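Each reported figure results from applying straightforward, stated rules to the coordinates on display, with no laboratory input. Model, not experiment: these values are computed from the prediction. Backbone-built Cβ (ideal geometry, glycine too); neighbour counts: all protein chains shown.
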C-alpha cells in the first residue's frame, strides 16, 4: 500500500470526513484490520480564509506548496488537497513536487462521464464558481458544460459555506435555500449537480435533489484509495 499525503484544515470539518472515508474504503476493500497509510498537513484556516478574501493567491500558492513539499519529504506517494477552492493553486503544487497530484475536478469529471451527462450545475465558493480554474478542467478536458447560479444565489451559497458549514453549523433553512438554487440550475438544463465545496455534502445529500449529485469529497477519496492500492 502506498501512502496518501493529505493537505487539510480547509476546513477541518471536511478534512475529518476525508480521513474517515479513506480509511473506511480501504477497510472495505482489504478487510480485516486494514486502514490507510496516510499523512496529513493541516493548515490554519483563519490564515487561508483571510488571504482568499484579500485575493492573495500567490501567498496561498506558497502555503500550499510548503504543505505539499512537507508531505513529500515525509514519505507521501500522492498529494490530495482536501478542498475544491484551493485547487486554484494546483499547478504550483504540481510544479514544485515530484509525486502525483490527484486533481479533484478531474476525478469529478470522470464520475460525470460515467453517468453520460453533458451539462451539470456547480455549487461552491464564489472563487470556485466564478473563476475558471475548476470549470475549465471539466469543459476543456472532458467536454462537459458547467453552469453556475445567478450572482445573488452565488453569494448565498458562498456565505452559507463560510458563515455556517466551515463551523459545523447545519440548518434546515440553509438546506432549503440550497435546494431552491439547485432547482434553478436544473431548470436551466443541469442534468446533475457538483457539490464543489467539500463542506456542502454536510448539508446536501442525494435525498434532497431529483438529479444525480456529485459529492466531490467522496469521489476524491475513492480515487485516492484506488491509486494507493493499484499494483
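Values computed for the structure shown
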{"quantity": "Calculated FRET value between residue 50 and residue 188, using beta carbons and R₀ = 35 Å, to 0.05", "calculated": "0.55"}
{"quantity": "Listed peptides 212-225, 90-103 by packing density, highest first (mean Cβ within 10 Å)", "calculated": "212-225, 90-103"}
{"quantity": "Folded to 0 to 90 degrees: helix 216-229 orientation relative to the chain principal axis, Cα", "calculated": "20 degrees"}
{"quantity": "Stretch gain in nm, segment residue 95-residue 37, where the contour uses 0.36 nm per residue and the Cα spacing is subtracted", "calculated": "18.4 nm"}
{"quantity": "Segment 137-222: relative contact order in percent, alpha carbon pairs under 8 Å with at least 6 residues between", "calculated": "25 percent"}
{"quantity": "Distance (nanometres) between label positions extended 7 Å along Cα→Cβ at residue 119 and residue 28", "calculated": "3.2 nm"}
{"quantity": "Rounded tilt (10° steps) of 12-30 against the dominant C-alpha axis of the chain", "calculated": "60 degrees"}
{"quantity": "Ranked by how many other beta carbons lie within 10 Å on average, peptides 150-156, 18-24, 135-141 from highest", "calculated": "18-24, 135-141, 150-156"}
{"quantity": "Ranked list, fewest to most other Cβ atoms within 10 Å of each Cβ, for 174, 35", "calculated": "35, 174"}
{"quantity": "The chain: relative contact order as a whole-number percent, Cα under 8 Å and 6+ apart", "calculated": "24 percent"}
{"quantity": "Extension gain (nm, one decimal) between residue 167 and residue 207, 0.36 nm per residue minus Cα-Cα", "calculated": "12.1 nm"}
{"quantity": "For the chain, built as a Gaussian network whose Cα springs stay under 10 Å, the top-fluctuating residue of 118, 175, 54", "calculated": "54"}
{"quantity": "Contour excess over end-to-end distance, with Cα ends at residue 226 and residue 16 and 0.36 nm allotted per residue", "calculated": "73.7 nm"}
{"quantity": "Relative contact order (%) - criterion: Cα under 8 Å, at least six apart; region: segment 181-221", "calculated": "43 percent"}
{"quantity": "Angle between the chain longest axis and helix 132-142 axis [Cα atoms, degrees, rounded to 10]", "calculated": "80 degrees"}
{"quantity": "Label-point gap, in nm, between residue 59 and residue 152 - each point 7 angstrom along Cα→Cβ", "calculated": "3.4 nm"}
